[in-house]
1. Check which residues have an amide H placed less than 5 Å from Phe43's amide H, if you skip close sequence neighbours.
2. In whole Hz and in residue order, list the ³J(HN,Hα) couplings for segment 131-140 that follow from phi through the Karplus curve 6.51 cos²θ - 1.76 cosθ + 1.60, θ = phi - 60°; x for Gly and Pro.
3. Any chance you could run the full-extension gain for Tyr103 through Tyr371? It's 0.36 nm times the residue separation minus the Cα-Cα distance, nm to one decimal.
4. Work out Dmax and Rg for segment 185-271 from the C-alpha atoms and quote the Rg first, both in angstrom.
5. For segment 38-172, what are the per-bin percents of Cα-Cα distances with bins 10 Å wide, up to the bin holding the maximum?
6. Multiply the residue gap between Ser300 and Ser363 by 0.36 nm, knock off their C-alpha separation, and tell me the result in nm, one decimal place.
7. Determine, from the Cβ-Cβ distance of Lys53 and Met1 and an R0 of 30 Å, the FRET efficiency 1/(1 + (r/R0)^6), rounded to the nearest 0.05.
8. Among Phe138, Phe473, Leu119, pick out the residue whose Cα is farthest towards the positive end of the charge dipole of the chain, where Lys and Arg carry +1 and Asp and Glu carry -1 on C-beta, about the Cα centre.
Amino acid sequence: MNLLSLTAVELGKKIKAHEVSVEEATRAALDAIAAKEDAVHSFVTVDEEGAMKRAAEVQKLIDDGTLTGPLAGVPVAIKDNMCTKGMLTTCSSKILYNFIPTYTAEAVLNLEKAGAVILGKTNMDEFAMGSTTETSAFGETKNPWNTEHVPGGSSGGSCAAVAAEECFYALGSDTGGSIRQPSAFCGVTGIKPTYGTVSRYGLIAYGSSLDQIGPVAKDVTDCATILETITSYDKKDSTSIQREETDFTSALVDDVKGMKIGIPRDYFGEGLDAEVKDAILAAAKKLEEKGAIVEEFDLSLVEYAIPAYYVIADAEASSNLARFDGVKYGYRTKDYEGLHNMYKKSRSEGFGAEVKRRIMLGSFVLSSGYYDAYYLKALRTKALIKQAFDKAFAKYDVILGPAAPTTAPKLGESLSDPLKMYLGDIYTVSVNLAGLPGISLPCGIDSKGLPIGMQLIGDCFKEKNIIRAAYAFEQTRPYQHSPLAAE
Ligand SMILES: NC(=O)C[C@H](N)C(=O)O
């Protein structure tokens, strides 16, 4: 049996039943990584020794009854912007090429408490800035469905690793679509939880008011299980929320009778690929056939989401990334004259082009004279977008639409035109601006053989609604393994 074709929850059950050992599962994942990395390049770091050592420890804890949860012993890959004690954490940037954190991110700690075995760290757009994983300083990741195409981004490494079946599940982070869009491009499932649900402690900040960690896996059951495991109130993150209902797996029921689903008319205009459109509308029909009430409506303000997002995210990034100065850790230039010159040269040499563009844009919109015109206006737009969603959720349980306007573009097509790349985030960024939960799951394959993803958006704290709708839809089509998975 090819163990890697199992979902995380399926493997967890086999481990619990002593049909598969944790070491066997970990060895199988490491072998898959060794066999596939040349083609896909999902990982920045693979910790073979650490993973095997940990696998033996976890097996003991399972055997003595200490670890009993559904993810005990299941190997995972972690996006390289989450700190892992003693393990290289680069954000796919030259400026952090040698950074070994002294502590582990809370979300990762929660997984470890549940018995996860960390295989390594996955590639990403540098500091999560990008939609293709091509801005990584360590080379691009490729799409397991067709290695001439991008996997999406910024959690492209995590999504490609799941789709290529190099791991059983992964963690990603989502500032403006970074979990949902690459999940769509790679034919896997990913959740961006309500802002404040998963601790950001130890997540290297990009846009602090937007960033959330979430699961990437083969199916909705895995995602709900992982989300349940990583959700926790954390005093170390001042935006962490003490949530009441976090039993997300209780929403895994194949029943959408009476559920009200809204389809924003404004999501289906110019720029949306015809095949993507057809697949999304066909998915809506399936849910309707299962008893959901599906209606079109006008969400409004959709065209303002991208400018507002890129002003706010870049402003926060310009401030967050000020800490990378070559003084205490990370890259420092070799030759310099004086402190100021050292900062300047280290940052000029350490950051890539996209990161520099955003730091400059972000500093500009925050500078006196422009603050009101850009930053403040973007914040007001954000508030209006939230109101538009509030109005929609007064009527609908879930909003259904595409995760991205197209399927995965070819490698190299997006880098030369950043504006075009930004426009591809049209369906995802507003969800972060409003702090809402969103799930992306596969709903078709286009004529090029590339996966199409649909997005379900819920009101704040209503993950269960999107999980229920996603689960019900998922029952209508089998999971399709990528060509690279089978190898
Ligand atoms: N980080 C993300 O969520 C991806 C988004 N495309 C961005 O570059 O900001």
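1. Correct list: Asn123.
2. Computed from phi, the couplings for segment 131-140 are 10, 9, 6, 8, 8, 4, 6, 10, x, 6 Hz.
3. Taking 0.36 nm per residue and subtracting the Cα distance, the gain is 92.9 nm.
4. Here Rg and the maximum Cα pair distance are 15.5, 44 Å.
5. Over segment 38-172, the share of Cα pairs per 10 Å bin runs 14, 43, 31, 10, 1 percent.
6. 19.8 nm
7. The calculated FRET efficiency here is 0.75.
8. Positive-most Cα among the choices belongs to Phe138.
Read-outs throughout are calculated quantities, based only on the coordinates presented, and are distinct from any laboratory measurement. Owing to the predicted nature of the structure, the values given are computational and were not obtained by experimental measurement. A quick note on method: Cβ atoms are made from the backbone with ideal geometry, for glycine too, and the neighbour counts reach across all protein chains shown.
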